[in-house]
Structures are given as structure tokens and as C-alpha cells.
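Data block below; observations after.
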Amino acid sequence: MESDSASSIPFSLPEPTPEGEYESRIANLDTAPTQCTTEYFSWRQLTDLSAKIPELVEQFGTVTASYMSDYVMLGTENGAIVITDYLGRVKAVLGSQSTAAYGSVSALAFSTDFLAIAAGYSQGYVVVWDWTKGTTISVSRPAQPGDKPDTAGHPAGNAVTFVGFIGKSKHRYVSGSAGGHVLYHHIVRRLLTTMSTTRLAGPDGSSNVLFEVAALPCGSYPCPLDDIGLVAVLTSAHLTVIKTNNGVEQQFRLSYLQQQQQQQQSPLVGAATLKRKFSKRPYSGSVAWLPALKHKRPATETDPTESEFALPMLAFSWGPNIYVLLIQPDYKVADNGAPLSSTPSRVKFEREFVWAAIEDVVFCRWIDTDVLLYMTQSQRMFVLEIELNQETEICKSPPSSIAGRPWTTLATGIEAEPSYTQVISVYKQRVFTMCDTPSVYTGRLLTWAERLAILVDQGDLIDSITLALGFYQARTGQVVVGLPRSRRVGDKSTKKKQSIVGSRLIGLMRSALKHEFSEDSRQELNDAVARALASVCVEACLAINNEQFLFNDVFDYYATVPAKLRVFLETIEPFIVSGQIESLPPQILNAIVDNYAITPQLVRRLGEILMSLSLSPGEFDVDLVLNTCRQHHLWRTFARVWLSMGDPIAPITNILAAAMATKSEKVDFATGHDEVGEPQETAGSNSSRLMFSEEAAEAVIFDYLDMVVRGRHYPDGKAILPQTRAEKYSTLITELIFPPTNSAQQLPTDVKNMFSTLLALAELNTERFLLMLKHVLDDPFMDYINIIVKPTASAHPNVSERSLRRASQVKSFLQIVVDTLFILTKAANSGNSDILTKQQIGLLSSFALTLYTSRFPLVFLKDETVVEWTNILLNLDDASTRTEREYAFELLFRLNPPQSYSDYIDRVRNAGFFRALEHMYRSLDQYEMALRTYLDHPDYAYHRAVFPALKELATANNYTGALSGVVAFAKNNARELVDTDAESFADAIESVSKLEHGVIIDILGDFPQSQFAYLRALLDPTPDALSRSPRLQTRLSASSLIATSDERLPPNIGLSEEHHFVVYPFLSLIPDDRENSSRYPQKYHERYLELLCQHSPGNVLRYLKRNADLSPEPFRLSYVQSICDKYKIGDGLVWALVRLGDFSGALQTLLEQTDKEVDTIRVIVPVSISDAASPLSGDPNAQLLESSVLSEVDRERLVDHLDTAARNITDCVDVCKSALTRLGKDVSVPPAHYLEYSTDVDDNTGASKLQNNYRSMVSAQLCDLWLDLLRRTLGYLHSTNRTLGSLSLTVPASIHEAWQLISKRQRWMLQEVLDALIFAASPASSFISLRSIIQQLIASGAAANDMPRPASAARSLDIAEMQHLLGVAVGAYKSEAQLMVLTNVLVDYDLFTTFAQLLRSQKQGWYVSAAGAKGSATSYPLSKHDPGCLCCNKCSEQLFVDCRRSHSMTNWREQMAQYFESNTLRILDLHVFEDKSAQWQWIKLRGASATYSKFASISTSTSGGSSSSASSTSRVVLFKCGHGFHQRCLAAGGRCAAKSADTTGSGRGVGNSGEQPQRQQLLECPQCIGGEQYTGDEQQHQRHKAALVVA
């Protein structure tokens, strides 16, 4: 639209402003009182301006927008623009009556020269003012219908929220409205002033909003990017950068969604981790340009580039995430690389930095180079340093709340954070805010000097020193203003900063010390403050490298107060120990010695301090330090001090004397007394005399010699420089310890005085002394040490001093050591026994000869010297050094072999040198004697070495006659070799070609134990022996080795051979290949089996199973049976019987063993007090009577026997399963032996009949096996339950507990048998009929009737009742699967409680009559009526009629079918029956809800008739003993006794539960009392009285 040529008249014209008015006005503000000053930021109110604002509001309306730079612009709701200075003086007022229609001012901006103003209004107008003249330059009116695209403005009524000039121009500017329209305006001045408008962005119809529009301003340094007019447009969806000069063109575009995906998939390297995830769209955003500024960056070693300005950067935020882009020009270049123009064609954007704020960012502006200020939605302000990558919160809130302008939400209705660009301005590193008060505040970051001054004014001197130290070291982690900023270590900026802060740091420390140690504060100074001040002073002085201030000024202040001096010394202690302080002035070192030599703990710390300091001569009080070390036994420091002064000998003499004195005292540090009993000072006493392990004289002396002799400092081990000094020290010490002499043939007259140091070291610790010598000799430095030997005057009287320089008189260190040790050992062996002990002679001689032999010819010894030393080794009687002497003797003999070995054999044997003796015998071709030396050696571990030697001689070709010697040795020493290692001996015999195993076995015939060990090594080696056997090593391949094991998976019931493959992880677990055992004769195996039965019966079965399948057969099964029967090896006998097919015999053997265990259990656990012995008799059973609880010992004894019985039952089950597997494997073709005995079958008989007969025979055998096992297991349980029922109340609780344990374990045995039986009788197998087994079990139950009944009224479920239940199962269910589930429930852990109660309550569980059982033994059903019903014991007719209704049974059958469909059939564990509802369901299926007739009383009259129909109406009498009769049969029976009894108990029926009890005449069971003499007593009556009467 066209611009207005004439504008409104200004309110008043501005006064001329002198240059620099802004700086002077703002500088004056710094002297005003501060408000809300924080550690980093200072807020101050512009009081004059704030006082003027109410007047302006009253005159022009409420302030709706503001902009502050050199001047303050305030836009009001009436459309007026007021321009003031910072003192509130009005410079101009823009606006008139004609501009009132524009609406309220919503955006303001100054041009670069501050002469033009761009203003946006709430009605969509944009006006450019020349405020110096009070006229308008142009007016952009809202868009009207019919406007051209290049002149259309913002939509009418849409507030313009962003305006800004582009670059230095006053005629090009950009504006953005709250509705999302962004326009670029260009004012063209020709004949007429015209304006063109270009749309840069607009709403896209979605929920995206415009956050901010910003143009790149001009900086303090010319930049090519200033001329292209960059404009950044930030919306909630995109960031777009557009070039506006010379045509509008998009330069960069970044999508919020793309940024989200990129950030989640590949996080930026080096960028800060985002603290929270992106939302679907951000609700806030801000954008800020940093123009090109002068910022000279010097070049360094790490960054050689040098720049004079900083390139522009663009910072923007989306939600909480802040991004910084680096802007670089991109020129078009010619072929030669030169740019075609000075103006860049495009712009490159590089992502420089990413940061995540704690909450959404609503405003961000640059306040300095690389320093970004941002404010969050809760108005918390932060400063972000881009180059240092650190964030600082400068204030939690402004001094007064700032109200953002919600233009976007009002215009679009979309939720977004309010805009703060109209109320917050940043200009020249200051922040200006227009608050709601209304008032204007300005804030700025405090400089480092101001922050220090604030702390000093507050009295926090220690904190000020700490902060200054952080400034110096650049490790505050906070924003710092006023100091050169650089991340490059060692550049000019860092040095300049340290120079500035360092001087201030010294002043702060001096002020703090002066304040704390003044006359007024000295008395109130506590240790905590003194220690904190000392710590920061030490750190500061070390940081600025000014130790002189620390040791002079700081120490002097602390020395004025003696009580605080120790605080200072304790403060510098860790800095000394860590090496930060390497030296101390004499006065401080003396103070440390005086203050630390008080307690043992302080003395220990004193030693560490002295060891850490660099003690140079002249820099400390030598006498004080040495006396302190000597007094407190700080020998490490003592040696170090002397060595630093150039004396390596003094530490040796002093420390060695102290060590010998300590050893001579023989102080017992555990008791604190010496041999006399006088108390001595120890480390635990209050004395200052200490003996630390690292400070002990014995430890220090050897460590000192080890280092200094090798030319190294003590104790750090660094090389002594120069080399000549190191050689000098080493030579002096060598001459002290090993005085050079030529009197090797003639001993010195005074050996003890001459070699006093060496003898003292040997006496102190000979082993450690020799270890030190070995370490020294291994160092190449010792090759430079040569000693001049002075000849004695008696040997060379005419030798002059000049002749001492001949090379023949110079000896090496190695030669000196060997010669000296020979002189000492020779002198000690010649009669001077007080010089060295035998042990020392042996160690020194062995060490010296080892040096001689290992380093020959560097060491020279005469022949007579070697012979003499050899005699010392052989003749010395000391067992402790025999190994060392033997080793030295072997080396010596290899170097100088004697002419005749026979001369040394006896002497070597007497000396105990068996290794050397073996070498001699080999040299003399006496191989048998050579091998014998291994067995004669006193060390038993050496005996095993005979076997490798034996194999070596047997297989070697270079030993003549060795084989015969080996054979003779093996025969003559067979028993001893077997006792040493039978496996290795057997393996070695394999290598002897002329010797068989049979010869050795025959030789060992008189020694069964040795013969057994040899045969076991040969036929049945252990896994450890296998791993050592070379035969196995050759058989191992790279493939995985497998073996059978029953431990990884449960075995398959019904299969006898299961193979589960297991990879062995260790070589020692690999079993031997059984092919090797098959090559030995059968007599070897049978002989070994007999010996195995005698010496290791527990391994018989394992051996039989392991070798049973070898070919040829290793042993005969008949022999195995006979030998196992002879030696009572039960498991072996059972195995043999099973292999022979005698399954019945195997089962009977196992059952007999089980019977013995059960009998033993009954003997161990008494039944009554009379059965047990008296407690005084010593019987083990007495313990059960004395205690009320079964003890652990008794329980273990009982459990052992029960475990054995359980294992036998398990073996019985395995026998039955093996029989099923073998006999039922192939029944289609009968075996030959069966055909031979089948003589009753004629030739015309078909093969099918023969096969059926054989099948029936196999089935009968299998059923008999299972029947015997089940009957025996039930018998055990029945007997135990009878015993439990017979226990009286007087029996102790321990006996009850024992029998309860027995019953529980036997129930487990029954569970195992029934599980296996049910599986074996499954539909998949037709050989075993569970019905047939149960029928036979019931048929054999008549004998149970004759068993004595318990006298107690409480009765447990016995074997007859179990038979009855199984009989009910046979009659009630027609399916084998149903029977399996039923039987599984029958043997559940609650069998003997729940079922007993159930049966008693349902009136079931009495005996089935013997007649009925016998009549039904061979057919099914058992009788003509339901076998689950009770029969009369006289007429055998059915007593009850099952009145269960047919539809109820149908429902139960349906429930059963559903159960089988939804549940997999499985054998439940005895202790696990998880589904209680299913358990009760099966109880109902067994007839728990059967309905019977009502009970009635017994009448004395009898009713006739014996038909089955009459039985349903006649009365029935059931006795407690379990017998039942019709009343008519009872009346017609034999003798009966009548008693008057009360039937209110069990005689009460269900139907008459509410009736009164009646006194009736009750009968006693005639079947029970018929065979005994009736006495009529009460006990007999209670045993046989009628339980209930049923009509």
C-alpha cells in the first residue's frame, strides 16, 4: 500500500541527545541500591522512569508494548508511542487522533541509527515513524478485498506482534502477525514514495502457530551476510531462514518432526542429553540472532587458526530444547577457486550446539559472545555458555512478575505460551523488563570482581578465596563475566586471566589472615575455621605457584597462635604425602618434628611426611631429623636422609645394629615380655618406640641394600645420577660387606671382625640376604662394579702401591661374592662353629656353588677349592638344607664330572642326594639301582617320579641293558610300586615289552590287598587315573565326549535302558573306554570281582554294569551269582539273577533284605516301655524314652534304615519293570526252551494257541511279581499302622514321632509301587492286568481276618480296608484310565486320615466276606452283586442296596469325562495334590454321597426269609469289629451275649438325628467271640459291640 506523505503531528519534539548519554545514565544506575541481587545477577529498578510511567499511563493509556535500547519506547493501548530517556524525561510522543483507529501498539523496533521506529498495531497496521521529525515514513494498512498481492497487508483485526528492520536499512523491514502471516516490506523512494510487500509465510490451516520473527542485525564487525537480509521465521512446525535482498529466497528449513525423529534415532555426539522427550508440537518458542562481532581468537598449538571476528549464529528453541546454528557464507567460485562476487550466493547452516532446559523456554537472547540468556515458562532465567558447554541459573524469578502478551492465543484460539518480546529487551549486555507494577527493571550479570567484593562485604573471606581460586583455575562451573574466556589451556587469554586473578587472590588471602588472626578475633578463632582457611590458602598458593607466601606469611600468622600451628601442619600433611609439596623450609620442618613426635600414631605419620619430602643438605636440620628417626625407629627416613647427604655406609651400620639389638632382645610382642619376664616396650605401649612392619630395621636394611647396590635411590627406586656416583655408592657398600682379600688359601686371622657386616646380615636373615644378593646379581648395573684387591703384606712383602693397579688384581662383584662366601664356609667348617650355623653353611655354600656353576667361566675357582667345597656339601649334617645342597652338587657334577663315580656313591647316599645318586647309577649302567633311588628318597612325593623314569628306560634305545634292569626292578619291587601308585605302575608296565601283567599279578598273589589295587588300576581305573593315562590322551578327539547319566532327566518308567547324553566339561570326568578292559583274560576279571567283593563291596554293582556288555564276556554270570551269594553282595546277586532271567529270585532277594531292614527298625524303635531297656543299661533305645522329641542322632539312625528299605523297594520296582521289558519284548515267537517243554501240545496245534499260552504264562509271571511286591509293601504299612494303634498314652512322644516317621516313609514306598504298577498296567501294555492283581490281593485278604485287632477304639485304615477299596475300584470302573486316576488318589498323603473318616461316616469299609472273595477270585465280577457292598457273614447275601439315583451317576460320569478331556493323565507326587476341588470331586465319585435307608433300632424279634428281596427290608446289624449280619441270621446263629448299651453314638442314623437316644439291648459279634472264651467283661464288650443298626 502507499505510504502516508504526511503524518500526525508529534506530541513534542525530541531534544538533542549528546553522544554517550546511555552509558552515563546506565553507569549512574550502578551506584543506586540494588534489588534482588543474586550470586550472579543484579536487578535494579529504574526509579525515575518507573515513577513517570503512572503519569504516562493516565495520559496515554496502559502500556501494551515496550522496546529499550538507547531510548525507551512505550506503546499504549490508545495507539500512542512515548519515547523517553532512562530518567523518565519524555523525548517525543507519536500518534494523533487519526492513528487511534490503528488500535493499541503491539510491537516496536528501532532502526540501527535509532532515527526510525517500526510499530505494529493490534488492528493489523504497520507504521514506520521518523521520530526525530514526528512524521510517518510509511503505513502498511490491513488487507482489503481487491488488493494486489504485492501491496496486501496483514488481515484486518490481526495484531502485528513482531516488527524489525533488516540490517542498516530504514526502508526494509519485516513484520509478523498473531495469525501467522509474515510480510517483508520494502519502501521505494522515487518520484513518489511507494512500498512493496512480499509474503514470507502464512497460516497453513493446521494448528501451527507463529512463535517469533527476527531479522539478522548488524554487528560490530562487517560481515558479508549483512548484505543479504536474512530473516528467521519460527513456527511450531518449522524454522525457516529467508534471504530478502535482491529477491526473496529460502536458505534453510528445519522441520520439528524431522528433528524429533533424528534426535531419537541418532543422538548428537558431544551434545547434551535431552532431558525429556519431544511432544507432538511445542507450546513455546523463541529465536535470536547473534551478529558478527569483533572477537579475536589467538592461535594455539591445538588450534592453529586465528580469527578476528565471530561468525553470526542463530539460536532458537522448541519447547525445552535449545539449538544453536552457525551461519557461514557460501560463495560461487570460478574454476581457479576465486569467488565470483563479494556477496555470497547462499548460506550454510551447521548445528553447533544442543541443550535441554528443565522446562519450556519462552524467551532467549544473546547477551555476549557465546553467552545466551533464556527464560523458562516459570520466569526462571538461565545463562548458557556455548563454548564452555555449561549452564548457570542466574535468578529464580524477576523482582516483579512479567506479564506476557497472549496475542497468538487471542487471534487463533490455539493454546500457546504468551509472547515476551514486547516486554523484555536485551541491549548492551543488559536485560530490561516491563513489569506489571508498572515499573521498569534492568539487570546484568555481575563481574567476577563484583562477586568477590560482595562476599568480602558479607564477611565470607574463605568463600571469596575459594571463588577466586575457581576463577583462576577456570573450574567454577558457573558463568564468569569480566575475564578472558577461553577453553584452550596455555593460550594468552588464560595467562592474562591468571595474571589478573592471581594478584587479587594474594590480596584476599592476606586480608583473611589479617582478619582472623587479629587481636580481637584470635581468641575466638576455632579449629574448623582455622583448618578451612589453611586449606584454601594452601590450595591457592600451590595453584599460583607461590609457595613463598605460604611458608612465610601464612605460616607466620599460624605460628603466632601455638594452638593453631598444629592445625596448619596437619593441613599441609596430605599435600606433602601426595607430592604437591616437595620441600619445606627448616622452620616448618622443625615444627613438624616437634609437633608429631608425641604419640605412636603421629610418629607413623611423621615417617610418611619425611619420606615424601625432598631433603637436600642445607635445607633442614640434619641432626634433629636423624635423632628423631633414630629415637622413633623411622629407619626408612633415616636411610633416605643419610643417602641424600652422600653417605651410603652410615645407614647400614646404624640400622644393622638396631636390627641385631632387636633380635637379641627376643621380645614377645604378643605378651610384651622378654625371656626373663621383664616387660618391654612394644608397638601397643604408650612409649614412642615403635616397630612398624615397613619401618622394621630388618625389612629396611635389605631393601636399602637391594636398591643402593644396584645404583638406585631408596626408597623410590629411581636411578642415582650421575652414573659415577651410583658406582661409587655400590663400591663402598660392596667393600663393607665383602672385604676384598687374596687369602683364599690361608684364612684370615680374625674372620669375625673382618666380615662382621656380612655375618650380621646372615645372622639376621640368611634366606632374605641371599634373595637380595640374587636380585642384585641379576641387574646389569653390577657389570660395572669392580673391586681392587690389595695383597696381604705376608704374601707379597715387596709389592708397591703402584702395582695394585694391575688388571690381575681387579675382581668383579660376582667373583668377590663367591670368594668371600668360600672363606666364611671354610672357616666355619674348620672348627670355628661360632661363626656360622650348619644351616647357614649349607645355604651359603649352595648359593655360592650355584653361582659358580651357572655363571662359569665368569667365576674362577681352583680345583682344590672345588673339591674342598664338595666335601663340605657332602659331609654337612643338616636336613633343612639337603635340597639346596643336592641341587648345587648336581650342578657341580655336571660341570666337573669326577673320574670315578664309584668313589662317591657311598658318600652321596649317606648325604641323602638321591637325585645325584640316580645319575651316578645310570652312568654305571646299574639301572635297577638307579630306579631304586626313587623309592629310597625320604620325600614320599618323589616316589611317584619312578614311573616316568621306568617308562623312559623301557622305551629308550640309548641305554644298553636298561630293559632287563627295568624288568628285574618291577618284579622285585612290585608290592612297593603298587602301594605307591597302582594306576601309574599298571600304565608303566604297558611300556615294558618283556613283562606281562600276569607276572605281576602272580607275584602279588600273596598280598591280596596289593593284588586288588593292581587289578583295579588295570581293569577299573578311577577318573583321575584316566586323566593321567597317556592311553586316553591318544584317544581323545576334538569332538564332544558323551556318557550316560541318570541325573539330568527323569528315567522313563517301564524302560530298563535309558541313555541321556551329557557333555563332560572336565577331562577328569571322562570315563575310560571299555575296549581296553576287554583285551584282558576272563580270569583277571573274575579274580578282581572276588577281591572286589572282599575289599570294596559297594563298587561291585558299578563294575558289573560297566563291563557286562564287553566282548568277549569278561565274567560268567553263574560265577557272578555264586561269588556274590558267597560274600553276601545283595545288589550284585540281584543284578546277576536279572541277567539270568530269574526275576522272581531277584525280587525275593530284595524283599528279604527289606524284611531285615524293617525288622531292624522294629528293634531300634520300641513299642512300649517294657520293650525298651532301662536308661541306666546303656541301651541306645533308652534315649528315646528320656526325651520327648526325637533327637537328630536317633532320627539319622532311623532314616538310614528307612532309606535302605526305600532303595530296596526302588530296586524291586526296577526288577519288575526289567521283567516287563525283557519278557514282553517279543512274545510273538516263544523261545526255544519253552517249545522244548511244551510236550502237551500236539503237532496239529496251531501257532496261535502256542503263542497265546506263552503270552498267558508271561502275563501270569509278571502279575505274580507285582502282586508279591504290592502285598509285601502293604504288609509293611499295615504292621506299622497296627503298631501305631497299639501305642498307649504313657509311651513318650519320641516313640510316637519315630513310628509316625516310619509310617510316612512306608506310605512313600507304597506310592512308588502303585505309580509304577499303574504305568505298567496302562492300556499300552496288555501283559499286566490291574484287575487281576487286585482280585488276587483281595482273595488273599482272608488271612487278615485272623490278625489281632487293636484294643484302642480309634482304628486306622488297615490292609483289608485297602483291599476293599481296590475291590470297589474294580467293580465301579470299566476303564483302565479311570482306574489309574482313582488309584492315584487313593495313595495320596491324606489316605489314612480323610479316607478313614469318610468311610466311617458313609458306613463303608467293612470286610468283604471270605466266601464272596473266594468265589470271585477267578472271575469278574467278584460276586453276583456289587463287591463294594457288605455281605452277611452267615448267608453271604448283600446287606445294602445302592440307592444312588441313575441321573446322579450320569452327571458324575459326565464330570469325569470332562476332567479327562481337560487334564493330561499324570502320576501325582505324594505331597502334591493342588486342586482341592478336584480331590473332593473324586471323593464324591467313589460313592461318598450314596443314600441308604434310615437307621432303626434293633428289635428282639426276628423275621424269616432268606431271599434277596427280603434282605432289602430286613434289619441289619454291623459290629465295630467289621462284621455284618442280617438280624434273622444273627438270631439263628450261635452263642451271643447281650449287654445293655447306649446307642446314642454311632448307632444314631441320619434320618433320626434329632431323636432322643434310647437304651437298647446290644449284641456282641458271634464270629469274633465264637473262638474265645467269653468272660463278659467290659473290655471285650467294647471290642465286639454292635456299631450301628440299619433298617
What share of Cα pairs, in percent, lie more than 19 angstrom apart in segment 171-222? 44
What are the radius of gyration and Dmax of segment 340-403, computed over its Cα atoms and given in Å? 15.8, 55
Which order, highest average first, do 857-866, 1139-1148 follow once you tally other Cβ atoms within 10 Å for each residue and take the mean per peptide? 1139-1148, 857-866
Rounded to the nearest 0.05, what FRET efficiency do Ser756 and Val867 give with R0 = 22 Å and r taken as the Cβ-Cβ distance? Could you check? 0.15
On alpha-carbon atoms, Rg over Rh for segment 374-525 using Kirkwood Rh? 1.12
Treat each spin label as a single point 7 Å out from the Cα along the C-beta direction, and report the Gln97 to Gln390 distance in nm. 6.3
Say R0 is 30 Å: what FRET efficiency, to the nearest 0.05, do Lys514 and Val577 get from their beta-carbon distance? 0.50
Which listed pairs, of Lys1105/Lys1128; Lys168/Lys428; Lys91/Lys133; Lys1083/Lys1105; Lys971/Lys994; Lys1217/Lys1249, have C-alpha distances above 20 Å, in listed order: Lys1217/Lys1249
Spin-label point model (7 Å from Cα, Cβ direction): what's the Thr662 to Lys994 distance in nm? 6.5
Can you run phi through the Karplus equation (6.51, -1.76, 1.60; θ = phi - 60°) for segment 891-900 and list ³J(HN,Hα) in whole Hz, with x for Gly and Pro? 4, 5, 5, 6, 6, 10, x, x, 6, 9
Pick out, in residue order, every one of the trypsin sites (Lys or Arg not before Pro) in segment 548-617 that is DSSP loop and has at most 10 other C-beta atoms within 10 Å; say none if there are none. none
Once Ala941 and Asp48 are pulled to full extension, the length gained, defined as 0.36 nm per residue separation minus their Cα-Cα distance, is 311.0 nm
Extension gain Asn957-Asp204, at 0.36 nm per residue separation less the Cα-Cα distance, in nm? 260.9 nm
Per the 1/(1 + (r/R0)^6) rule, R0 = 51 Å and r from the Cβ atoms of Leu721 and Glu890, FRET efficiency to 0.05 is 0.75
Could you order peptides 1203-1214, 197-208, 112-123, 643-654 by the average number of other Cβ atoms within 10 Å of their residues, highest first? 112-123, 1203-1214, 643-654, 197-208
Which entries of Lys718/Lys774; Lys348/Lys492; Lys728/Lys774; Lys811/Lys838; Lys663/Lys752; Lys396/Lys497 show an alpha-carbon separation above 23 angstrom in the structure shown? Lys348/Lys492; Lys811/Lys838; Lys396/Lys497
Using 7 Å Cα-to-Cβ label points, what is the Asp527/Lys1304 separation (nm, one decimal)? 6.4
Find, among the trypsin sites (Lys or Arg not before Pro) in segment 433-486, those assigned to loop by DSSP (not H, G, I, E, B) with at most 10 other beta-carbon atoms within 10 angstrom. Arg475
Give the residues of segment 189-231 whose amide nitrogen is closer than 15 Å to a point set 7 Å from the Cα of Lys348 in the direction of its Cβ. 225
Gain in span if fully extended, Ala559 to Ser923, counting 0.36 nm per residue against the direct Cα distance: 122.7 nm
Packing-based ranking, highest mean first, of 52-62, 237-247 given that Cβ atoms within 10 Å are counted: 237-247, 52-62
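No lab work stands behind these numbers, since they all come straight from the coordinates. Quantities reported herein were computed from a predicted structural model and do not represent experimental measurements. Here the Cβ is made from the backbone with ideal geometry for all residues, glycine too, and neighbour counts use every protein chain on show.
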